[in-house]
1. Read phi for every residue in the range 40-49 and hand back ³J(HN,Hα) as whole Hz from Karplus 6.51 cos²θ - 1.76 cosθ + 1.60, θ = phi - 60°, with x for Gly and Pro.
2. Given the C-alpha centroids of the range 74-142 and the range 154-187, what is the distance between them in whole angstrom?
3. Could you work out the relative contact order of the range 23-230? I mean the mean sequence separation of Cα pairs under 8 Å and 6+ apart, divided by the number of residues, in percent.
4. Tell me the trypsin sites (Lys or Arg not before Pro) within the range 138-233 that lie in a loop according to DSSP and have at most 13 other beta-carbon atoms within 10 Å.
5. If the viscosity is 1.567 mPa s and the temperature 4 °C, what Stokes-Einstein diffusion coefficient in µm²/s follows for the range 32-147 when Rh is the Kirkwood radius over Cα pairs?
6. Mind checking which of GLY60, THR230, SER173 is farthest towards the positive end of the chain's charge dipole, using Cβ charges of +1 (Lys, Arg) and -1 (Asp, Glu) about the Cα centre?
7. How big is the convex hull of the Cα atoms of the range 23-230, per residue, in Å³?
8. Modelling each spin label as a point 7 Å along the Cα-to-Cβ direction, I'd like the ILE29/ALA209 distance in nm, to one decimal.
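The values are calculated or read from the model by the stated rules, or taken from the named source; none is laboratory data. Source: prediction; values computed, not measured. Using ideal geometry, Cβ is built from the backbone for each residue, glycine included, and neighbour counts are taken over all protein chains shown. Surface areas here come from the heavy atoms of the whole protein model, side chains and all, with no ligands, DNA or RNA. Shrake-Rupley method; radii C 1.70, N 1.55, O 1.52, S 1.80 Å.
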Amino acid sequence: MNNKLKQLFIALPFTLLSTTAAANWSTTITAASDYTFNGVTQTDNDPAIQASLDYAFDNGVYAGIWASNVDFGDDTDFELDAYVGRYIQLDEHFSADYGIAYYTYQGNNSDGNYGEAYTKFGYASDYGQTELNFWYSWDYFGSGASHVISMIAHTYELAPNHALRASFDISNSLDGKKYAWDSNEKKSYNHYRLAYQTSYEGFNIEVAAENTSLDYDYADERLVLAVSRTFNL
(Lines give C-alpha, C1' and ligand atoms only; values in the text may rest on other atoms or scores of the structure.)
Protein backbone atom coordinates (compact mmCIF):
# COMPACT_ATOMS: atom_id res chain seq x y z
CA MET A 1 0.00 0.00 0.00
CA ASN A 2 1.71 3.21 -1.14
CA ASN A 3 -0.82 5.82 0.01
CA LYS A 4 -0.95 5.82 3.78
CA LEU A 5 -2.76 7.94 6.34
CA LYS A 6 -1.65 8.68 9.84
CA GLN A 7 -3.42 10.50 12.66
CA LEU A 8 -2.51 11.47 16.14
CA PHE A 9 -4.45 9.02 18.34
CA ILE A 10 -3.86 9.71 21.99
CA ALA A 11 -5.08 6.46 23.49
CA LEU A 12 -7.20 7.76 26.34
CA PRO A 13 -10.69 6.65 27.45
CA PHE A 14 -13.51 7.31 25.01
CA THR A 15 -15.46 10.58 25.07
CA LEU A 16 -18.22 9.40 27.37
CA LEU A 17 -15.59 8.49 30.00
CA SER A 18 -13.34 11.52 29.56
CA THR A 19 -14.45 13.28 32.75
CA THR A 20 -12.89 10.55 34.93
CA ALA A 21 -10.04 11.88 37.02
CA ALA A 22 -6.60 10.49 36.13
CA ALA A 23 -3.10 10.56 37.55
CA ASN A 24 -0.42 12.62 35.81
CA TRP A 25 1.26 9.56 34.30
CA SER A 26 -0.87 7.03 32.43
CA THR A 27 -0.51 4.25 29.91
CA THR A 28 -3.11 2.73 27.64
CA ILE A 29 -3.00 -0.67 25.96
CA THR A 30 -5.32 -1.27 22.98
CA ALA A 31 -6.17 -4.38 20.98
CA ALA A 32 -7.96 -3.68 17.68
CA SER A 33 -9.23 -5.88 14.88
CA ASP A 34 -7.66 -3.39 12.43
CA TYR A 35 -5.59 -0.22 12.71
CA THR A 36 -7.36 2.30 10.51
CA PHE A 37 -7.10 6.01 10.08
CA ASN A 38 -9.86 7.78 8.17
CA GLY A 39 -11.02 4.41 6.94
CA VAL A 40 -7.66 3.32 5.53
CA THR A 41 -6.08 0.21 7.06
CA GLN A 42 -2.54 0.54 8.33
CA THR A 43 -2.14 -3.19 9.04
CA ASP A 44 -3.32 -4.72 5.74
CA ASN A 45 -6.71 -5.50 7.35
CA ASP A 46 -5.05 -7.41 10.20
CA PRO A 47 -5.26 -6.86 13.99
CA ALA A 48 -3.11 -4.34 15.88
CA ILE A 49 -1.65 -4.03 19.36
CA GLN A 50 -1.10 -0.43 20.43
CA ALA A 51 0.26 1.32 23.51
CA SER A 52 0.75 4.86 24.76
CA LEU A 53 2.60 6.55 27.59
CA ASP A 54 1.22 9.98 28.54
CA TYR A 55 1.93 12.73 31.04
CA ALA A 56 -0.64 15.44 31.81
CA PHE A 57 0.16 18.67 33.66
CA ASP A 58 -2.40 20.44 35.83
CA ASN A 59 -2.53 23.40 33.39
CA GLY A 60 -3.76 21.18 30.54
CA VAL A 61 -0.40 20.63 28.85
CA TYR A 62 0.26 16.99 27.93
CA ALA A 63 2.94 14.98 26.16
CA GLY A 64 3.35 11.37 25.19
CA ILE A 65 4.44 8.64 22.85
CA TRP A 66 2.31 6.08 21.00
CA ALA A 67 3.22 2.88 19.13
CA SER A 68 1.46 0.32 16.94
CA ASN A 69 2.37 -2.50 14.60
CA VAL A 70 1.83 -1.68 10.91
CA ASP A 71 1.93 -3.55 7.60
CA PHE A 72 2.53 -1.50 4.45
CA GLY A 73 3.74 -4.39 2.34
CA ASP A 74 7.41 -3.44 2.88
CA ASP A 75 9.92 -3.86 5.70
CA THR A 76 8.26 -1.33 8.01
CA ASP A 77 7.43 -3.09 11.26
CA PHE A 78 5.85 -0.52 13.53
CA GLU A 79 4.95 3.13 13.97
CA LEU A 80 6.27 5.24 16.85
CA ASP A 81 4.83 8.74 17.38
CA ALA A 82 5.52 11.57 19.81
CA TYR A 83 3.25 14.50 20.61
CA VAL A 84 2.84 17.53 22.86
CA GLY A 85 -0.21 19.74 23.21
CA ARG A 86 -2.56 21.58 25.51
CA TYR A 87 -6.22 21.06 26.36
CA ILE A 88 -8.20 24.14 27.50
CA GLN A 89 -11.71 24.20 28.94
CA LEU A 90 -12.86 27.65 27.84
CA ASP A 91 -16.18 27.58 29.70
CA GLU A 92 -18.86 25.06 30.60
CA HIS A 93 -19.60 24.42 26.92
CA PHE A 94 -16.50 25.16 24.81
CA SER A 95 -13.08 23.51 24.82
CA ALA A 96 -9.96 23.58 22.66
CA ASP A 97 -7.08 21.16 22.14
CA TYR A 98 -4.01 22.05 20.08
CA GLY A 99 -0.54 20.65 19.60
CA ILE A 100 2.03 19.08 17.34
CA ALA A 101 2.95 15.47 16.59
CA TYR A 102 5.80 13.69 14.84
CA TYR A 103 5.29 10.29 13.18
CA THR A 104 8.09 7.81 12.61
CA TYR A 105 8.14 4.41 10.91
CA GLN A 106 10.66 1.82 12.02
CA GLY A 107 12.20 -0.20 9.18
CA ASN A 108 13.13 0.74 5.64
CA ASN A 109 10.44 3.41 5.31
CA SER A 110 12.12 6.14 7.36
CA ASP A 111 11.72 8.62 4.49
CA GLY A 112 8.03 8.77 5.41
CA ASN A 113 8.59 10.40 8.81
CA TYR A 114 6.80 13.74 9.14
CA GLY A 115 5.37 16.34 11.50
CA GLU A 116 1.80 17.55 11.88
CA ALA A 117 -0.01 20.32 13.77
CA TYR A 118 -3.58 19.94 15.01
CA THR A 119 -6.39 21.99 16.52
CA LYS A 120 -9.61 20.55 17.93
CA PHE A 121 -12.67 22.43 19.15
CA GLY A 122 -15.39 20.93 21.34
CA TYR A 123 -18.90 22.02 22.29
CA ALA A 124 -20.83 20.22 25.05
CA SER A 125 -24.61 20.53 25.28
CA ASP A 126 -27.63 18.57 26.43
CA TYR A 127 -27.51 16.83 23.04
CA GLY A 128 -23.95 15.54 23.42
CA GLN A 129 -20.42 16.52 22.43
CA THR A 130 -19.76 18.18 19.07
CA GLU A 131 -16.25 18.37 17.60
CA LEU A 132 -14.62 20.39 14.83
CA ASN A 133 -11.07 19.15 14.27
CA PHE A 134 -8.22 20.02 11.89
CA TRP A 135 -4.82 18.49 11.13
CA TYR A 136 -2.15 20.12 8.94
CA SER A 137 1.13 18.68 7.67
CA TRP A 138 3.67 20.72 5.71
CA ASP A 139 5.53 17.60 4.48
CA TYR A 140 2.94 14.85 4.37
CA PHE A 141 4.59 11.45 4.62
CA GLY A 142 7.87 12.96 3.50
CA SER A 143 6.40 13.84 0.10
CA GLY A 144 6.97 17.60 0.31
CA ALA A 145 3.22 18.18 -0.11
CA SER A 146 1.09 20.11 2.35
CA HIS A 147 -1.93 18.16 3.56
CA VAL A 148 -5.09 19.04 5.52
CA ILE A 149 -7.66 16.85 7.26
CA SER A 150 -10.95 18.41 8.40
CA MET A 151 -13.43 16.55 10.61
CA ILE A 152 -16.83 17.15 12.13
CA ALA A 153 -18.13 14.69 14.73
CA HIS A 154 -20.84 14.32 17.32
CA THR A 155 -21.15 11.95 20.28
CA TYR A 156 -24.57 11.30 21.77
CA GLU A 157 -25.09 9.44 25.03
CA LEU A 158 -27.85 6.87 24.52
CA ALA A 159 -27.85 5.85 28.19
CA PRO A 160 -25.28 5.93 31.01
CA ASN A 161 -22.11 4.26 29.68
CA HIS A 162 -23.54 3.83 26.15
CA ALA A 163 -22.83 6.33 23.35
CA LEU A 164 -22.86 6.73 19.58
CA ARG A 165 -20.23 8.80 17.79
CA ALA A 166 -20.79 9.83 14.17
CA SER A 167 -18.01 11.54 12.20
CA PHE A 168 -17.27 12.81 8.71
CA ASP A 169 -13.85 13.92 7.52
CA ILE A 170 -12.11 15.03 4.33
CA SER A 171 -8.44 14.35 3.59
CA ASN A 172 -7.02 16.83 1.10
CA SER A 173 -3.58 17.02 -0.49
CA LEU A 174 -2.70 20.61 -1.34
CA ASP A 175 -0.28 19.47 -4.05
CA GLY A 176 -1.62 16.56 -6.09
CA LYS A 177 1.58 16.32 -8.13
CA LYS A 178 3.59 15.49 -4.99
CA TYR A 179 0.98 13.42 -3.13
CA ALA A 180 -2.24 11.97 -4.53
CA TRP A 181 -4.62 9.21 -3.55
CA ASP A 182 -4.48 7.38 -6.89
CA SER A 183 -2.71 7.40 -10.26
CA ASN A 184 -5.18 10.01 -11.55
CA GLU A 185 -3.81 12.55 -9.04
CA LYS A 186 -6.97 12.47 -6.92
CA LYS A 187 -6.30 15.11 -4.29
CA SER A 188 -8.98 14.31 -1.70
CA TYR A 189 -11.41 11.71 -0.40
CA ASN A 190 -14.20 11.43 2.18
CA HIS A 191 -14.51 9.16 5.18
CA TYR A 192 -17.68 8.24 7.12
CA ARG A 193 -17.72 6.52 10.52
CA LEU A 194 -20.34 5.47 13.09
CA ALA A 195 -19.13 4.02 16.40
CA TYR A 196 -20.78 2.52 19.46
CA GLN A 197 -18.79 3.15 22.66
CA THR A 198 -19.12 1.62 26.11
CA SER A 199 -17.02 0.21 28.96
CA TYR A 200 -17.02 -2.93 31.07
CA GLU A 201 -14.95 -3.80 34.14
CA GLY A 202 -12.44 -1.06 33.40
CA PHE A 203 -12.13 -1.84 29.69
CA ASN A 204 -13.21 0.67 27.02
CA ILE A 205 -14.94 -0.94 24.05
CA GLU A 206 -15.71 0.51 20.63
CA VAL A 207 -17.35 -1.08 17.60
CA ALA A 208 -17.21 1.11 14.49
CA ALA A 209 -18.59 0.86 10.96
CA GLU A 210 -16.75 2.98 8.40
CA ASN A 211 -16.30 3.54 4.68
CA THR A 212 -14.52 5.95 2.32
CA SER A 213 -14.97 7.33 -1.17
CA LEU A 214 -11.75 5.56 -2.26
CA ASP A 215 -12.17 2.53 -4.51
CA TYR A 216 -9.53 0.31 -2.90
CA ASP A 217 -9.82 -2.86 -0.82
CA TYR A 218 -7.71 -1.29 1.94
CA ALA A 219 -10.20 1.61 2.24
CA ASP A 220 -13.57 -0.04 1.69
CA GLU A 221 -16.43 -0.63 4.13
CA ARG A 222 -15.48 -2.46 7.33
CA LEU A 223 -16.27 -3.08 10.99
CA VAL A 224 -13.53 -2.41 13.53
CA LEU A 225 -13.54 -3.63 17.15
CA ALA A 226 -11.20 -1.99 19.66
CA VAL A 227 -10.76 -2.84 23.36
CA SER A 228 -8.49 -0.73 25.56
CA ARG A 229 -7.59 -0.19 29.16
CA THR A 230 -5.90 2.79 30.80
CA PHE A 231 -3.67 2.45 33.83
CA ASN A 232 -2.70 5.40 36.04
CA LEU A 233 0.96 5.19 37.06
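1. For the range 40-49, the Karplus curve yields 9, 5, 9, 10, 6, 6, 9, x, 9, 10 Hz.
2. For the range 74-142 versus the range 154-187, the Cα centre distance is 13 Å.
3. Details: 556 pairs, mean separation 31.8, N = 208.
After rounding, I find 15 percent.
4. Numbers: sites: ARG165, LYS177, LYS178, LYS186, LYS187, ARG193, ARG222, ARG229; in loops: LYS177, LYS178, LYS186, LYS187.
Passing both the DSSP loop test and the Cβ count: LYS177.
5. Working: Rh = 15.8 Å.
Answer, rounded: 82 µm²/s.
6. GLY60
7. Working: hull volume 25.6 nm³, N = 208.
Dividing the Cα hull volume of the range 23-230 by its residues yields 123 Å³.
8. 3.2
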